Structures are given as C-alpha cells and as structure tokens.
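Structure first, then comments.
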Amino acid sequence: MSYLRHLEACNRFDPERFLPLLLAGRRVGFVRRDNARLLEAFPRIFRLSADAVALADTIAGPAAATEAFGEATDGLIRAGVVKPRRHELFAITDGWGGPLLFELDRGMIEFFGARAYAVHLNGWRPGAEGPELWIAKRAMTKAMAPGQLDNMVAGGLGAGYTAWETMVKETGEEAGIPEALALGAHAAGAIRYRIELPDGMRDEVLFVYDIQLPVDFVPRNTDGEVEDFRLLPAHECLRLVRETDRFKYDVNLVLIDFGLRHGLIVPEAPDYLALIDGLRGGLVRGSR
C-alpha cells in the first residue's frame, strides 16, 4: 500500500453528482443532487434549476441568509432526513479572511458542501530514533470516526474564532495543555481536500501547527472526546498510515505532511512530488 492512496481517497469528489450552491451568483457550496431535491420543500428560500441551487434573491445580507439556512435546517431535521443540530455555528465567508456570507450549523456543513476550516496540532518530542508523536484515540461516542486514531489536537473553526484562537482553545480542551505552553506552537502550513461523504461533501482546509513538548509532559483529555493518548515514534505513525486505515481519513494527510517536513519521507520515496502537490489541493477535481 502507499501514502498516495490516502490523498486519492480524500479527493474522491465527482462534481457531476452535485449542483453548485449559489448566493448572489457566487458559488458557496455543493449540494448533492439527491439532497437538492429535499430543498424543493423550501421554495421561499431556494430556487432550484437543472444547473444549480440558488438562495432566493429576496434573501439579502448575512443575517437574513443565516436565518434562512437555519429555517431550512430545522425543517430538514423535522422531516428526519438530516441529523440533529450540533449547536455550533461555522462562518461561511467570501474566501479565507473574507467578509461573512452567513453562518451555518456545523452538522449541515457537508449537506450544503460549504467550505470549512479546521486546525490540527502535531504534538511531538525528540526521541532516540527521531521525532515521537502524541496520538489520540477518538472516543467511541464521536459521531465521526469513533475509535480511530487522531492528531493530539484537532478541531473545526467555529464562528468568531481565528485559527490561532481555535488552536489554543482546543489544546486546553482536548489535551490539557496550559495556555502558556500552547503559545509555543507554530504554524506549519495548510492542507486542502474535497471528499464526498455519506451526508454530502466536505470541502475543508486544515491549518497545521506543530508544538515541541517537554519530555515530561503527558496530555490529558478534558472534554470527553478522546479515549486515551499514546506516544508513538513518528516512523511508526507513518507505517500505520502507509499500511493501515487506523487513522481518521484526514489525519493521514497531516501525518504525511509531518513526514515530508521532517525528512521522514524523502525525495526517493514513491510518489514524493505527487504527495506534495496533492496536499495543497492538486488532486481536487472541480476546484474552480
């Protein structure tokens, strides 16, 4: 098996199976065709055609759009065709750092295929055979990938939070890292992917951070989302990535990126340049 299979898996998205979601003529998401038919129940909010799903022109401004998407969300929940609200709003913006277009419940991000952002933190320390990584095992109660392995810290960007603020917040909640220690993390790049999932499509950018932790530090979960932590040599993490599917699908990408940046995956490795290109969205279809 290979590393590249994970990038290919995370970019399995056929735009022909989806309709663009338009707001004032601008694409803000992708709605799978079977899901688009469910939106016919909301003619005041959505205008459906053979080529697109568009928010009605009568709905103008972020507040009105947020209310409209909330009304549709509640209606779909009552009809039993989507999962209950997650009660966490994500900001849908006109590009990264751009003006707010509307806010959407986290549980509906995939249904509407809106661009979302998240942070992933590699917690590592030097070891006798190279870097060692603190790896989390996701709680069995998690809605997504229960029981799979994960980065030490990861979390989506809720409305009103920057990437850095989210990283610091999540380090405390998920790994018990004091803020003074968390401030030692540094930005290490971003990874982009677009994948079809059972609820729709996830179009996501992962902001990656690294933090070198003291040798006597042991993470502890405080929000119930992690079952346990284990310290693994980075080369063992990469073996698991290459040979198994034990890590949550997008975490494989973060670990491949870590291996590339720390010289654990070298230019002589198969698909080296394809991995570098793919992590930045080079495998994404229909990206424009």
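Some observations on this one:
- Filtered residues of the range 208-240 (kept if among the hydrophobic types (A, V, I, L, M, F, W, C), outside any strand (DSSP E or B) and out of contact with any Lys or Arg (no Cβ under 9 Å at 6 or more places or on another chain)): Val218, Ala234, Cys237, Leu238
- Selected residue (only one of Ala154, Ala187 is at pLDDT 95 or above and open to solvent by less than 30 Å² (accessible area, probe 1.4 Å)): Ala154
- All of Glu174, Glu110, Glu132 fail the test of being acidic (Asp, Glu), out of contact with any helix residue (DSSP H, G or I) (no Cβ under 9 Å at 6 or more places or on another chain), surrounded by 21 or more Cβ atoms within 10 Å (Cβ to Cβ) and at pLDDT 95 or above, apart from Glu110.
- Taken over the range 222-247, the residue count meeting the criterion of being farther than 20 Å from His6 by Cβ and surrounded by 19 or more Cβ atoms within 10 Å (Cβ to Cβ) is 2.
- Number of residues in the range 147-165 that are closer than 25 Å to Gly259 by Cα and either touching a His at 6+ places or on another chain (Cβ under 8 Å) or free of Cβ contacts under 8 Å to residues at least 24 places away in the same chain (or both): the value is 4.
- Of all the residues in the range 267-276, those that are open to solvent by less than 60 Å² (accessible area, probe 1.4 Å) and either under 20 Å from Trp124 (Cα atoms) or among the aliphatic types (A, V, I, L, M) (or both) number 3.
- Put simply, of Thr66, Thr58 the only residue that is β-branched (Val, Ile, Thr) and either open to solvent by 70 Å² or more (accessible area, probe 1.4 Å) or not in a helix (DSSP H, G or I) (or both) is Thr58.
- Residue match in the range 132-144 (condition: within 27 Å of Pro99 (Cα to Cα) and out of contact with any His (no Cβ under 8 Å at 6 or more places or on another chain)): no
- Only listed residue being of a type in the set (Lys, Arg), more than 15 Å from the chain's Cα centre (by Cα) and not in a loop (DSSP other than H, G, I, E, B), chosen from Lys137, Lys83: Lys137
- Some residue of the range 218-240 being under 21 Å from the mean Cα position of the chain (by Cα), modelled with pLDDT of 95 or more and either of a type in the set (A, V, I, L, M) or under 17 Å from Met144 (Cβ atoms) (or both): yes
The values are calculated or read from the model by the stated rules, or taken from the named source; none is laboratory data. What you are looking at is a predicted structure, and each value in this text was computed from that prediction instead of being measured. With ideal geometry, Cβ positions are generated from the backbone for all residues, glycine too; neighbour counts draw on all protein chains shown. With ligands, DNA and RNA removed, areas are computed over all heavy atoms of the protein, side chains included. Shrake-Rupley method; radii C 1.70, N 1.55, O 1.52, S 1.80 Å.
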